[in-house]
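Presented below is the structure to which this report refers.
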Amino acid sequence: MHNDLAAATKVVALGRPPRVPDGSLNQPVTFASTYHAGGPTGYGREGNPSWQALEDILGDLEGGFAVAFSSGLAASSAAISLLREDAVIVQPISAYHGVTEQFAEREAAGRTTVQRVDITDTAAVSAAAGAADMVWLESPTNPKLDVADIATIGGAAREAGALVVVDNTFATPLLQRPFELGADIVVHSATKLLAGHSDVQCGVVVTRDATMAEKIREHRTLHGAIPGPMEVYLTVRGIRTLAVRLERAQANARELAARLRDHLAVRLVRYPGFGTMIAIELHTGPEGSDRAAESVNLWVHMTSLGGVESSLERRRRWPAESTTVDESLLRLSVGIEDVEDLWADLSKALEA
Ligand SMILES: *Cc1c(COP(=O)(O)O)cnc(C)c1O
């Protein structure tokens, strides 16, 4: 219906109430645990008009049917719930640790066999896909920023009848549209770039198939990981500026990645060439990374990512982070500040 519009226009124009005199421009926040009898919704866990705006926007941007959740992990949990008890899952060796732990929990309970692969090894992932029920891709990955060849892996998975899921949190549908590459399901932590202001947790599952979307919606109703109406409002508010935030943050990240390659303290720069995330590994090891993280003034030392403010952290400070991540790896989330101010603060902190 909106295929003639550019994504930068869609993020502004979609998900709005009908244009009627004195109608609200924005989808209002509806605080309701229950509704007057006689309608299709009835109860707050079944539906809320505030969710519709977010689901309309994300569904259109990705090209499928979107279902909003209370967090990115609630969204991934719902996608995983589609699997049979004896399912075989292919998963990246290094990916968002919460998703990895969801798989490990199923595996420990004897409800899944998980095969962990290097997602940059397309031949190995494609071979593993041949015996899988679900291939879970995160691309780029958190925090190593590995990129998967979704189209080639998707082709192998389709032949084998395996579902391909892509966690599109780092790319957003403005930089990567997994359905066009053969994916079946897309999940987002809307907490990050979509909402964009580090003030809300929200998640989304998008499917290409309407029946599958209905199953995901039923899972949300039954298990209750429903997003708060205020959270959804803030997420939609954030998405309105996604295109301009991305444009600025990407330009900053490109410049910083180039300068970091020449910084004497930096041993390795992981930057996929697009997006707003950079990971660096230092010659000075984890101690050097901790010193740098504690020395920044403008950059914020914190976890999470995708906000307007630039932030960084040493990922292995979290015991749950994969041991395949270098001890010194600093994950940088690049924001929309002036790039010279960002460089001045970061380069000085790296010298500390
Ligand atoms: C943060 C994150 C998640 C989890 O999202 P929450 O909103 O924190 O539950 C999942 N995947 C990726 C890639 C993430 O960065």
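The values are calculated or read from the model by the stated rules, or taken from the named source; none is laboratory data. Note that this is a predicted model, so its numbers are computed, not measured. Cβ placement follows ideal geometry from the backbone for every residue including glycine, while neighbour counts extend to all protein chains displayed. Surface accessibility is based on the protein's heavy atoms, side chains included, excluding ligands, DNA and RNA. Shrake-Rupley method; radii C 1.70, N 1.55, O 1.52, S 1.80 Å.
List of remarks:
- Residue in segment 53-72 that is within 26 Å of I226 (Cα to Cα), within 13 Å of the ligand (Cβ to nearest atom) and open to solvent by 60 Å² or more (accessible area, probe 1.4 Å) present: no
- Members of segment 41-52 found to be among the polar types (S, T, N, Q) and open to solvent by 30 Å² or more (accessible area, probe 1.4 Å), listed by number: T41, Q52
- Residue selected from segment 79-91 under the condition within 16 Å of the ligand (Cβ to nearest atom) and either surrounded by fewer than 24 Cβ atoms within 10 Å (Cβ to Cβ) or not small (G, A, S) (or both), by the criterion nearest to T113 (Cα to Cα): I89
- Considering the conditions (1) at pLDDT below 95; (2) closer than 20 Å to V135 by Cα; (3) surrounded by fewer than 17 Cβ atoms within 10 Å (Cβ to Cβ), S94 is excluded by exactly one of them, (3).
- Residue match in segment 177-189 (condition: over 14 Å from the mean Cα position of the chain (by Cα) and under 20 Å from S71 (Cβ atoms)): no
- Here V11 passes the criteria (1) open to solvent by less than 10 Å² (accessible area, probe 1.4 Å); (2) at pLDDT below 95 except the one numbered (2).
- Some residue of segment 169-182 being on the phi > 0 side of the Ramachandran plot, among the small types (G, A, S) and buried (at least 16 other Cβ atoms within 10 Å of the Cβ): yes
- The condition of being surrounded by fewer than 19 Cβ atoms within 10 Å (Cβ to Cβ) and among the aliphatic types (A, V, I, L, M) holds for V244.
- Sole exception among (1) hydrophobic (A, V, I, L, M, F, W, C); (2) in contact (Cβ under 8 Å) with a residue 60 or more places away in the chain; (3) open to solvent by less than 10 Å² (accessible area, probe 1.4 Å); (4) away from the ligand (no atom under 16 Å from the Cβ) for W343, by number: (3)
- Taken over segment 308-328, the criterion of being open to solvent by 10 Å² or more (accessible area, probe 1.4 Å), touching a strand residue (DSSP E or B) at 6+ places or on another chain (Cβ under 6 Å), assigned to a loop (DSSP other than H, G, I, E, B) and closer than 25 Å to I93 by Cβ is satisfied by D326 alone.
- The single residue among H197, H219, H263 that is within 21 Å of V165 (Cβ to Cβ) and either touching a residue at least 24 places away in the same chain (Cβ under 8 Å) or surrounded by fewer than 19 Cβ atoms within 10 Å (Cβ to Cβ) (or both) turns out to be H219.
- Residues that are open to solvent by 10 Å² or more (accessible area, probe 1.4 Å), at pLDDT 95 or above and of a type in the set (F, W, Y) are absent from segment 290-302 altogether.
- Residues of segment 200-216 that are part of a loop (DSSP other than H, G, I, E, B) and open to solvent by 60 Å² or more (accessible area, probe 1.4 Å): Q201, R208, D209.
- Of the numbered criteria (1) of a type outside the set (A, V, I, L, M); (2) part of a strand (DSSP E or B); (3) surrounded by fewer than 17 Cβ atoms within 10 Å (Cβ to Cβ), the one R331 fails is (3).
- Pair list, Cβ < 7 Å and 6+ apart or interchain, from segment 98-115 residues that are in a loop (DSSP other than H, G, I, E, B) to residues that are open to solvent by less than 80 Å² (accessible area, probe 1.4 Å) and at pLDDT 95 or above: none
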